[in-house]
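What follows draws every value from the coordinates through simple rules; no lab data is involved. Since we're looking at a predicted model, the values are computed, not measured. Cβ coordinates were reconstructed from backbone atoms using ideal geometry, including for glycine residues, and neighbour counts include every protein chain displayed.
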Amino acid sequence: MLESAHSGAFFVVHLTRIVTLAFYNKSILIEGELHMKPLKNTLLELLNIQGVSGREQKVATYVADRLTELHFTVERDYFGNVLAQRSFGAVSQANQGPVLLLSAHMDTVVSFVPGRRIVWEDDILRSSAGILGADDRAGIAIILQVIEGMERHSFNGTLKIAFTRDEERGRIGSNEIASEWLADVDMAIVADRRNRRDIVTSCRRMTFCSNEIGAYWELMGERIGQPDWKSCEGGISDAMTYAEHGIPSINVSCGYQHEHTDWEELHWPSVIDTTNLITEGILNWRSVKVTVSVR
Ligand SMILES: [Zn+2]
């Protein structure tokens, strides 16, 4: 309930949220060291590959190899973005299932300082010199972990992956992705946001998706025991590009802070939390009916 004073009188605005749920999938959260180790390895490997904007070739080779190992069909588009897709479960002509796009960018705003060390203290990662590069290598590691985990679930649908070039210089890579490749995408999930619990659904210039979709992802947070995931306004990211194609899009927190500076740091548990949020959202997509009414 919001209260506001206007012309000496009080107007009371009631916000009623009706949420209808029908869950069919039961997801399994990542638990224990067994599943966390590969994610740590992936993250540390990615933090050791140079890929400043315009020179992302080594990162592209790394992610293309990983995606191929995970049985994705992988292509490099003319601009050098890594695009991949794979159908899961009993997808057929009659039952296509959802097509969900997961996206992160490969470039870093500046190069890593040669010889720098990754300092891992308690749950926080930092670089001994220069940027850490968690923006957006954390996003790439999260997406690779999500799709690796899909093997253990009963997802019926298609995942498309876009690891883009040159985001830091103004979304140049994502803007070059062919419209045809994006045409069948039902929802885009970008992993490229600071903080720990943000679901970015808009920026100052435009809205990326409906309130209902924001509410859906907040519910997914509740489902994994993290009700503090909240829709919010954020900055410009590749989510804006996908939204410009008419695709409902969000950009979720990856746990980093102070990106683009020598003080950049990454909160490791948040990397796992975001992996779980995206996994939950994929598994329940279209099995959850969300109605939000504001009156
Ligand atoms: Zn970024």
Subject >> Estimated vicinal HN-Hα couplings, Hz - segment 146-155 in sequence order (Karplus 6.51, -1.76, 1.60; Gly, Pro = x) >> reply: 4, 6, 4, x, 4, 4, 8, 10, 10, 7
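For GLN57 and CYS232, what is the calculated FRET efficiency with R₀ set at 35 Å and r taken between the beta-carbons, to the nearest 0.05? Intermediate results must be reported in sequence, preceding the final value.
Numbers: r = 34 Å, r/R0 = 0.98.
Efficiency computed from Cβ-Cβ geometry: 0.55.
Can you work out the FRET efficiency for the pair ASP122 and HIS258, with r the C-beta to C-beta distance and R0 = 22 Å, to the nearest 0.05?
0.85
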**OP:** Provide VAL185, VAL82 in ascending order of the number of other Cβ atoms located within 10 Å of each residue's Cβ, fewest first.
**Re:** VAL185, VAL82
**OP:** Take the alpha carbon gyration tensor of segment 23-284, find the square roots of its eigenvalues, order them as a ≥ b ≥ c, and report rounded if a/c is under 1.5; if not, report prolate when a/b exceeds b/c, else oblate.
**Re:** rounded
Original post:
Using 7 Å Cα-to-Cβ label points, what is the PHE79/ARG152 separation (nm, one decimal)?
Top reply: 3.5 nm
**OP:** Sort VAL91, VAL113, VAL99, VAL271 so the one with the fewest other Cβ atoms within 10 Å of its own Cβ comes first.
**Re:** VAL113, VAL91, VAL99, VAL271
Subject >> Pair GLU69, GLN96: separation of 7 Å Cα→Cβ label points (nm) >> reply: 3.2 nm
Original post:
In whole Hz, what ³J(HN,Hα) sequence does segment 39-45 give by Karplus (6.51, -1.76, 1.60; θ = phi - 60°), x for Gly and Pro?
Top reply: 5, 4, 4, 4, 4, 5, 4
Original post:
Out of residues 5 or more away from ILE161 or on other chains, whose amide H comes under 5 Å of its own, with H placed 1.01 Å from N in the peptide plane?
Top reply: ALA84, GLN85, LEU102
Original post:
Once phi is turned into ³J(HN,Hα) by the Karplus curve 6.51 cos²θ - 1.76 cosθ + 1.60 with θ = phi - 60°, what whole-Hz value does each residue of segment 249-263 show in order, with x for glycine and proline?
Top reply: 9, 9, 10, 9, 4, 10, x, 8, 9, 6, 4, 6, 10, 5, 9
**OP:** Would you pull out the residues with amide H under 5 Å of SER231's amide H, same chain only if 5 or more places away, H placed 1.01 Å from N?
**Re:** ILE199
Subject >> Relative contact order (percent, whole number), segment 23-284, Cα cutoff 8 Å, 6+ residue spacing >> reply: 24 percent
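At R0 = 25 Å, how high is the FRET efficiency between GLU244 and ASN211 if r is their beta carbon distance? Nearest 0.05 is fine.
Values: r = 19 Å, r/R0 = 0.77.
Efficiency for this residue pair is about 0.85.
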